[in-house]
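Remarks on the structure that follows.
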Amino acid sequence: MKSRILYIVLIASMLLGLAACGGGGGGSKKTYTYKDMVVGFIQTGSEGGWRAANTASFKETAEQLGINLKFYDAQNKLENQLSAFRNFIADKEVNVIILAALETTGWEDVLKEAQKAGKVVVLEDRRIDAPEDLYATYIGSDFAEEGRKSADEMCKLLEGSASKNVVELVGNVGSSAAKDRGQGFREKMGACGINIVKSQTANWDATEGKAVMEAWLKETTDIQGVFAQNDEMGLGAAQAIKEAGLDPGDDIKILTVDATAGAFKAMVAGDINTVVECNPLLAPQVYEAALKVLNGQEVPKWIPSQEGVFYAKDAETILPTRKY
Ligand code: AHR
């Protein structure tokens, strides 16, 4: 009888030991390193300097860390992003899917499919409207805060101006970047009496920005400020203002978002007044978070990037230090 009890105690403690080190599955858990990560990355497209820097950040960091990166450029088409998502779900090698979403909506089905297939999904750059339990984390900017900063800065630029008529060049309208920057700007613009007299998309693009600004200037020149939701559209607007015989940065103040080298050069030339930074160098944070999730660690649902504001008076000094 005594030996029977001893035998039962022995078996029970062996089972408990196995459960403690094997997560209940009976074997030891794998510890992932960067070299075990196979990432399916779904980029929006290649619409400008910010995006080029964002893509380079992911490619270069993957190489440095030994991550196997399968990169897909969706050419700014939502249907391409969705089919790439499904391809990465079906790809047995891929254990992490990183998405820079073109639109905030339309993701729930693929996210559920990814969850079912056991893929870790990390959102980079753009937030989406979907239940938080369907993705691991979002790493990117506080776009609404960028909009609020933009309004504060535009107020400074237009201080003392009798009229404060501002035109807004919007990014691609379904994106979180465009929606939240626009909303943030509106939250703060009333503080100094800014009126948004025109607002239209130019899809983050310089040529479109120029065309939209040209059309507006044909209707009225009673415009004191341009709020361009990215540098490219602001550069296009500056060109249109020059061609209309006015002085960008002086007759019409220009504020842009991103802080690429192109915008710094335009600040040095006096064409752009102020730039609100949006940081594209997100890869180290994103890969680190994905690795943690693969290893079963908790990560916050949103990891915001640190960003500043730059002024024309400092542009010449800062320009040589810009990485993008
Ligand atoms: O999501 C970030 C935005 O996307 C950048 O401001 C814009 O230039 C880019 O295309």
For this session: Output the residues belonging to region 217-231 that are away from the ligand (no atom under 16 Å from the Cβ) and either of a type in the set (Gly, Ala, Ser) or surrounded by 20 or more Cβ atoms within 10 Å (Cβ to Cβ) (or both).
Result: Ile223, Gln224, Gly225
Exercise. Restricted to region 44-69, and to residues that are β-branched (Val, Ile, Thr) and within 16 Å of the ligand (Cβ to nearest atom), which residue is least open to solvent (accessible area, probe 1.4 Å)?
Worked result: Thr44
Exercise. For Gly234, are the conditions met, namely being within 16 Å of the ligand (Cβ to nearest atom), open to solvent by less than 50 Å² (accessible area, probe 1.4 Å) and either outside any helix (DSSP H, G or I) or free of Cβ contacts under 8 Å to residues at least 24 places away in the same chain (or both)?
Worked result: no
For this session: Could you check Val299 against (1) closer than 30 Å to Val121 by Cβ; (2) in contact with a strand residue (DSSP E or B) (Cβ under 7 Å, 6 or more places away or on another chain); (3) within 16 Å of the ligand (Cβ to nearest atom); (4) β-branched (Val, Ile, Thr) and say which number it fails?
Result: (3)
Exercise. Does Gln81 satisfy the criteria of being open to solvent by 10 Å² or more (accessible area, probe 1.4 Å) and either part of a helix (DSSP H, G or I) or not hydroxyl-bearing (Ser, Thr, Tyr) (or both)?
Worked result: no
Seminar exercise, completed: In the set Asp91, Asp180, Asp129, the lone residue that is within 16 Å of the chain's Cα centre (by Cα) and open to solvent by less than 60 Å² (accessible area, probe 1.4 Å) is Asp180
Exercise. Would you pick out the residues in region 110-126 that are under 26 Å from Glu47 (Cβ atoms) and more than 18 Å from the chain's Cα centre (by Cα)?
Worked result: Val110, Leu111, Ala114
For this session: Would you please list the contacts, defined by Cβ atoms under 9 Å and residues six or more apart or on different chains, that run from a residue in region 178-202 that is at positive phi to a residue that is among the polar types (S, T, N, Q)?
Result: none
Exercise. Across region 60-74, what is the total count of residues that are farther than 17 Å from Gly45 by Cα and touching a helix residue (DSSP H, G or I) at 6+ places or on another chain (Cβ under 7 Å)?
Worked result: 4
Exercise. Looking at region 135-152, which of its residues are within 16 Å of the ligand (Cβ to nearest atom), in contact with a strand residue (DSSP E or B) (Cβ under 6 Å, 6 or more places away or on another chain) and either of a type in the set (D, E, K, R) or open to solvent by 10 Å² or more (accessible area, probe 1.4 Å) (or both)?
Worked result: Tyr138, Asp142, Glu146, Lys149
Problem set entry | Residues satisfying the stated conditions in region 92-114, i.e. assigned to a helix (DSSP H, G or I) and among the basic types (Lys, Arg) | Lys112
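The values are calculated or read from the model by the stated rules, or taken from the named source; none is laboratory data. Note that the structure is a prediction, hence the values are computed from the model and not measured. For neighbour counting, all protein chains shown are included, and Cβ atoms are generated from backbone atoms with ideal geometry for every residue, glycine included. SASA here: full protein model, heavy atoms, side chains in, ligands and nucleic acids out. Shrake-Rupley method; radii C 1.70, N 1.55, O 1.52, S 1.80 Å.
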